[in-house]
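Report on one structure; see the data block that follows.
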Amino acid sequence: MTDTPAKPVLLTGASGGLGRVLAKSLTEAGWTLRMTDIVPFPDAMPARASFTKADLNDGPTILRLAEGCGAIVHLGGVSTEHPFETILGPNIRGVFHVYEAARRERARVIFASSNHAIGFHERVESIGADTQFLPDGFYGLSKAYGELMGRLYWFKHGVESVAIRIGSSFPEPINARMLATWLSYGDLSRLVQRCVVTPKVGCTVIWGASANSAMTWWRDDARGALGWAPQDSADPFAGQLGAKVSDDPIEERYMGGGFCSIDYSRGAPAPRGLFED
Ligand SMILES: NC(=O)c1ccc[n+]([C@@H]2O[C@H](COP(=O)([O-])OP(=O)(O)OC[C@H]3O[C@@H](n4cnc5c(N)ncnc54)[C@H](O)[C@@H]3O)[C@@H](O)[C@H]2O)c1
């Protein structure tokens, strides 16, 4: 059912976990990929793919790599919590370089955002894609910034983008939280394909989770307009993982899980509203 994009697609972060998955699935679907990462591509080069080693901090190189591309699937950057200075270059300056390249090329951006942009929402909540950002660390803050960069470039320059707020995309779920947040590689790949080939996407946010019964947290996004619905589910793992919880009340209270606990110095959990004591 997949359409093949008319122009090449630039894939950043191609040497990472999800980059390698998409390098395989998108080229198998017949797509032409221009891949880049700061470390070498570790697998055999797929058909119709090329690879250039580059740093997202290097704006001119990112512009050059995007020349002639119709879409940029932006996975590159620091993908876990780190000190602000570590995140600043790849995730903040890097996302600017990607959007600037998209503006020049009139290309669309598919941005790998994260649940950590909204990680301090409590798991008892049910939040729409237009919910307020509540980042759970400097990494989540950089993803919120990337999403806002998309809005700036949409309103000011008409650059289309889809931010996928990925839950947990790994071969299999490995704990109770992932019974809710797991996004299978197949569902991710089908979603990215719809994000690129759907004629018009505007500027939108999609929750990146498979069809998991435990996912009661996230609702109301534009997946229908993209023609995407998840086909896989973490449910078969419920028996073996249901009891796999931590003994950390902060980790278990919030959607962002363990990232919320990193450097947590507040004492009592924050109230639901931002401005209450
Ligand atoms: N895997 C998940 O569950 C998950 C969840 C939420 C969001 N995401 C996001 O999806 C994307 C891919 O995730 P992943 O699991 O494959 O992460 P990953 O860490 O395996 O891949 C990220 C890649 O970015 C590259 N990179 C880092 N700094 C760079 C720089 N300065 N210049 C160029 N490349 C650089 C790394 O070398 C790496 O190959 C990331 O943006 C991540 O934040 C992933």
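The values are calculated or read from the model by the stated rules, or taken from the named source; none is laboratory data. All values reported here derive from a predicted model rather than from experimental measurement. Ideal geometry is used to build each Cβ from the backbone, glycine not excepted, and the neighbour counts take in all protein chains shown.
Looking at the stretch 155-182 only, could you name the residues that are buried (at least 18 other Cβ atoms within 10 Å of the Cβ), closer than 22 Å to VAL98 by Cα and either modelled with pLDDT under 95 or not small (Gly, Ala, Ser) (or both)? Show your work before the answer.
Step one: filter the stretch 155-182 for residues buried (at least 18 other Cβ atoms within 10 Å of the Cβ), giving 159-169, 173, 175-182.
Now narrow it down to the ones that are closer than 22 Å to VAL98 by Cα: 159-166.
VAL159, GLU160, VAL162, ILE164, ARG165, ILE166 - these are the residues of the stretch 155-182 that are buried (at least 18 other Cβ atoms within 10 Å of the Cβ), closer than 22 Å to VAL98 by Cα and either modelled with pLDDT under 95 or not small (Gly, Ala, Ser) (or both).
Of all residues in the stretch 13-54, those being free of Cβ contacts under 8 Å to residues at least 24 places away in the same chain and in contact with a Gly (Cβ under 8 Å, 6 or more places away or on another chain) number 1. Applying the set (1) surrounded by 16 or more Cβ atoms within 10 Å (Cβ to Cβ); (2) touching a residue at least 60 places away in the same chain (Cβ under 8 Å) to GLY68 leaves exactly one unmet item: (1).
Could you list all residues from the stretch 219-277 that are acidic (Asp, Glu), surrounded by fewer than 17 Cβ atoms within 10 Å (Cβ to Cβ) and outside any loop (DSSP other than H, G, I, E, B)?
ASP235, GLU252 - these are the residues of the stretch 219-277 that are acidic (Asp, Glu), surrounded by fewer than 17 Cβ atoms within 10 Å (Cβ to Cβ) and outside any loop (DSSP other than H, G, I, E, B).
Of everything in the stretch 111-129 that's among the aliphatic types (A, V, I, L, M) and not in a strand (DSSP E or B), which residue is nearest to the ligand (Cβ to nearest atom)? Here the residue is ALA117.
Give the residue that is surrounded by the most Cβ atoms within 10 Å (Cβ to Cβ), with candidates limited to residues of the stretch 91-128 that are of a type in the set (Lys, Arg) and under 19 Å from the mean Cα position of the chain (by Cα).
Let us first name the residues in the stretch 91-128 that are of a type in the set (Lys, Arg), namely 93, 103-104, 106, 108, 123.
Adding the requirement that they be under 19 Å from the mean Cα position of the chain (by Cα) leaves 93, 108.
Numbers: ARG93: 14, ARG108: 22.
Going through the qualifying residues, I end up with ARG108.
Only residues that are touching a helix residue (DSSP H, G or I) at 6+ places or on another chain (Cβ under 6 Å), surrounded by 20 or more Cβ atoms within 10 Å (Cβ to Cβ) and assigned to a loop (DSSP other than H, G, I, E, B): list them for the stretch 130-145, please. Answer for the stretch 130-145, where residues must be touching a helix residue (DSSP H, G or I) at 6+ places or on another chain (Cβ under 6 Å), surrounded by 20 or more Cβ atoms within 10 Å (Cβ to Cβ) and assigned to a loop (DSSP other than H, G, I, E, B): PRO135, ASP136, GLY137. In summary, THR27 fulfils each of the numbered conditions (1) part of a helix (DSSP H, G or I); (2) within 15 Å of the chain's Cα centre (by Cα) with the single exception of condition (2). Only residues that are more than 7 Å from the ligand (Cβ to nearest atom) and surrounded by fewer than 19 Cβ atoms within 10 Å (Cβ to Cβ) were counted in the stretch 81-90, giving 6. Contact map, the stretch 177-199: first residue without any contact (Cβ under 8 Å) to a residue 60 or more places away in the chain, second residue part of a helix (DSSP H, G or I) and acidic (Asp, Glu), Cβ cut-off under 9 Å, separation 6 or more or different chains; the map is empty.
Of the residues making up the stretch 130-148, just one is within 15 Å of the ligand (Cβ to nearest atom) and either more than 17 Å from the chain's Cα centre (by Cα) or within 16 Å of VAL201 (Cα to Cα) (or both), namely GLU147.
Hey, any hits in the stretch 21-34 for a residue that's farther than 24 Å from LEU226 by Cα and within 16 Å of the ligand (Cβ to nearest atom)? No, there is no match, as no residue in the stretch 21-34 is farther than 24 Å from LEU226 by Cα and within 16 Å of the ligand (Cβ to nearest atom). Within the stretch 197-209, being within 16 Å of the ligand (Cβ to nearest atom) and either in a loop (DSSP other than H, G, I, E, B) or surrounded by fewer than 22 Cβ atoms within 10 Å (Cβ to Cβ) (or both) holds for one residue alone: ALA209.
Kindly establish whether LEU148 is under 29 Å from GLU67 (Cβ atoms) and either part of a helix (DSSP H, G or I) or touching a residue at least 24 places away in the same chain (Cβ under 8 Å) (or both). Give the derivation first.
Values: under 29 Å from GLU67 (Cβ atoms): yes; either part of a helix (DSSP H, G or I) or touching a residue at least 24 places away in the same chain (Cβ under 8 Å) (or both): yes.
Answer is yes for this residue.
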